[in-house]
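Enquirer: Quick one: structure below, then a few questions.
The values are calculated or read from the model by the stated rules, or taken from the named source; none is laboratory data. These numbers come from a predicted model, not from an experiment. Don't worry about glycine lacking a Cβ; one is built from the backbone with ideal geometry, like all the others, and counts go over all protein chains shown.
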Amino acid sequence: MAVRIVLVTGKGGVGKTTVAAATALASADAGHRTLVSSTDPAHSLADAFDVELADDPTEIAPGLFGQQIDTQRQLDRYWGTIRDQLMNVLDWGGVSGLEAEEFLVFPGMDELFALLEVNRHARSGAYDAIVVDCAPTAETLRLLSLPEVLSWYFERILPTERRILRAARPLLTRVTDLPVPEEGVFDAATTVFSGIEQVKELLADPEVTSARLVVNPEKMVIDEARRTYTYLSLFGYGVDGVVVNRVLPEQVSDPYFSRWRTIQKSHLDTVDAAFADVPRLRLRLFDEEMVGVGRLRTMAEELYGDADPVLDFRARNPFRVEDRDGEVVLEMAVPFADKGDLDVYRHGNELFIQVGPYRRSFLLPDSLHRRQVAGAKLADGVLSIRFGEVT
Ligand SMILES: Nc1ncnc2c1ncn2[C@@H]1O[C@H](COP(=O)(O)OP(=O)(O)OP(=O)(O)O)[C@@H](O)[C@H]1O
Ligand SMILES: [Mg+2]
């Protein structure tokens, strides 16, 4: 079996960590060698299992390993050499100490290095399934859009810089004392770059990676999940399930909760309508905190029953490219997007699609270079872009 990666995400406090833990446990119980990784710097995975976890995977139950990724360690592993060189340059320029340190971090960097770690385990062959306990939605989206943004950057900047420096090194060392990077720095950068490329490849493959959204039957939580669904699709991530957590169970008869039940009922209907094309799983509000392997297993059984928590959940690919009567049509699911939120434009052989605050660039395949965009339309949550006849 090829590795599967399930990203568990949702708004803060909805039960992501608990659902990720229960899902991973169910996956191991179904016979898959499973790793559950927390990329949320505010780790609580160990608390959910009530065990100690570290940066290296630790066995929690038969076939189940857990890790809380230490981003500092990952940063040193991947970024150390590059950082040292940049420090030298900054020092030469009169910037040092804390100030320099601050120059050397970019937003989302921790999360990016956490993803490189997930990539490493995914390719190790040691696991059939990796369940990722993500940070709350906003950070996760930033994280998932990073490989896209960074590889765009690296593809354009890195090769040129390396060429220029190769040519300039003899000159530079003669006329200035500017510390010129050794080849080792470029090798380190290349390692990071190819790591990012690999992450992108894994995450962009809907056969490998899918997102599972956790919501509560509450208006703001559901609204955010819908936006998340849109943005995930934009970056090519399929959603393979929605877990509706903390549903008031039928047997609660206290009149105090009867109004809550009515409110929840209407939100459950909203979820059913909004995510009609995705499996929805309901999970009751338990009468205790769901901590420890025993309780998580109870939760997992109620959540998945006899279903395989990994193999029985597949996301549809949000993209499709089709030939239609001499035209090529690129179709992309952007559920819940408004026409007003959406902007599509082309620059050279790149196509840009912007939805709300997120922008994605697509490098068009050669076959589309010589075609003009003939039209774009948004209907039923699907954006279709038509490329006309070859000119
Ligand atoms: N269905 C449930 N019934 C009872 N308790 C639950 C349920 N789901 C989650 N909990 C409890 O709610 C608390 C918060 O859950 P959890 O830590 O999984 O949320 P989270 O979405 O990961 O939060 P954060 O955004 O802070 O990472 C935990 O104590 C957990 O045991
Ligand atoms: Mg959590």
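Enquirer: MET299 fails exactly one of the following numbered conditions: (1) away from ligand 2 (no atom under 16 Å from the Cβ); (2) at pLDDT 90 or above; (3) within 25 Å of GLY12 (Cβ to Cβ). What is the number of that condition?
Expert: (1)
Enquirer: Output the residue which, of all residues in segment 120-134 that are outside any loop (DSSP other than H, G, I, E, B) and more than 12 Å from the chain's Cα centre (by Cα), is farthest from ligand 1 (Cβ to nearest atom).
Expert: Filtering segment 120-134 for residues that are outside any loop (DSSP other than H, G, I, E, B) and more than 12 Å from the chain's Cα centre (by Cα), the one farthest from ligand 1 (Cβ to nearest atom) comes out as ARG123.
Enquirer: Out of (1) within 20 Å of the chain's Cα centre (by Cα); (2) assigned to a loop (DSSP other than H, G, I, E, B), what's the single condition that is false for ILE5?
Expert: Answer for ILE5: the failing condition is (2).
Enquirer: Out of the residues in segment 319-336 that are touching a residue at least 12 places away in the same chain (Cβ under 8 Å) and part of a loop (DSSP other than H, G, I, E, B), state the one that is farthest from LEU203 (Cα to Cα).
Expert: GLY326
Enquirer: In segment 9-56, which residue that is of a type in the set (Lys, Arg) and within 12 Å of ligand 2 (Cβ to nearest atom) is farthest from ILE222 (Cα to Cα)?
Expert: The residue in question is LYS16.
Enquirer: Count, please, the residues in segment 209-235 that happen to be buried (at least 16 other Cβ atoms within 10 Å of the Cβ) and either over 25 Å from ALA333 (Cβ atoms) or not hydroxyl-bearing (Ser, Thr, Tyr) (or both).
Expert: Going through segment 209-235 one residue at a time, the tally reaches 16.
Enquirer: In this structure, is MET290 within 16 Å of ligand 2 (Cβ to nearest atom) and assigned to a helix (DSSP H, G or I)?
Expert: no
Enquirer: Quick one: would you say GLY340 is closer than 18 Å to GLY381 by Cβ, in the same structural domain as HIS369 (by TED's automatic domain parsing) and out of contact with any strand residue (DSSP E or B) (no Cβ under 9 Å at 6 or more places or on another chain)?
Expert: Spelling it out, GLY340 is indeed closer than 18 Å to GLY381 by Cβ, in the same structural domain as HIS369 (by TED's automatic domain parsing) and out of contact with any strand residue (DSSP E or B) (no Cβ under 9 Å at 6 or more places or on another chain).
Enquirer: Let me ask something else about it. Being over 18 Å from PHE235 (Cα atoms) and of a type in the set (Phe, Trp, Tyr) is the filter here, so list the residues in segment 302-352 that pass it.
Expert: The answer is TYR304, PHE313.
Enquirer: Among what's in segment 284-296 and is at pLDDT 95 or above and farther than 14 Å from THR17 by Cα, pick the residue that is surrounded by the fewest Cβ atoms within 10 Å (Cβ to Cβ).
Expert: Looking at the filtered set, the residue picked out is GLY294.
Enquirer: Test VAL19 against the criterion of being more than 22 Å from LEU232 (Cβ to Cβ), within 16 Å of ligand 1 (Cβ to nearest atom) and either out of contact with any strand residue (DSSP E or B) (no Cβ under 7 Å at 6 or more places or on another chain) or not aromatic (Phe, Trp, Tyr) (or both), and give yes or no.
Expert: Numbers: more than 22 Å from LEU232 (Cβ to Cβ): no; within 16 Å of ligand 1 (Cβ to nearest atom): yes; either out of contact with any strand residue (DSSP E or B) (no Cβ under 7 Å at 6 or more places or on another chain) or not aromatic (Phe, Trp, Tyr) (or both): yes.
Criteria not met by VAL19.
Enquirer: Looking only at segment 267-287, count every residue that is free of Cβ contacts under 8 Å to residues at least 24 places away in the same chain and outside any loop (DSSP other than H, G, I, E, B) and tell me the total.
Expert: Counting residues in segment 267-287 that are free of Cβ contacts under 8 Å to residues at least 24 places away in the same chain and outside any loop (DSSP other than H, G, I, E, B) gives 3.
Enquirer: Next question, about the same structure. Hey, does segment 202-216 have a residue that's more than 26 Å from LEU116 (Cα to Cα), modelled with pLDDT of 90 or more and assigned to a loop (DSSP other than H, G, I, E, B)?
Expert: yes
Enquirer: Filter segment 227-249 for residues that are within 15 Å of ligand 1 (Cβ to nearest atom) and in a loop (DSSP other than H, G, I, E, B); which is modelled with the highest pLDDT?
Expert: Per the criteria, the residue is LEU248.
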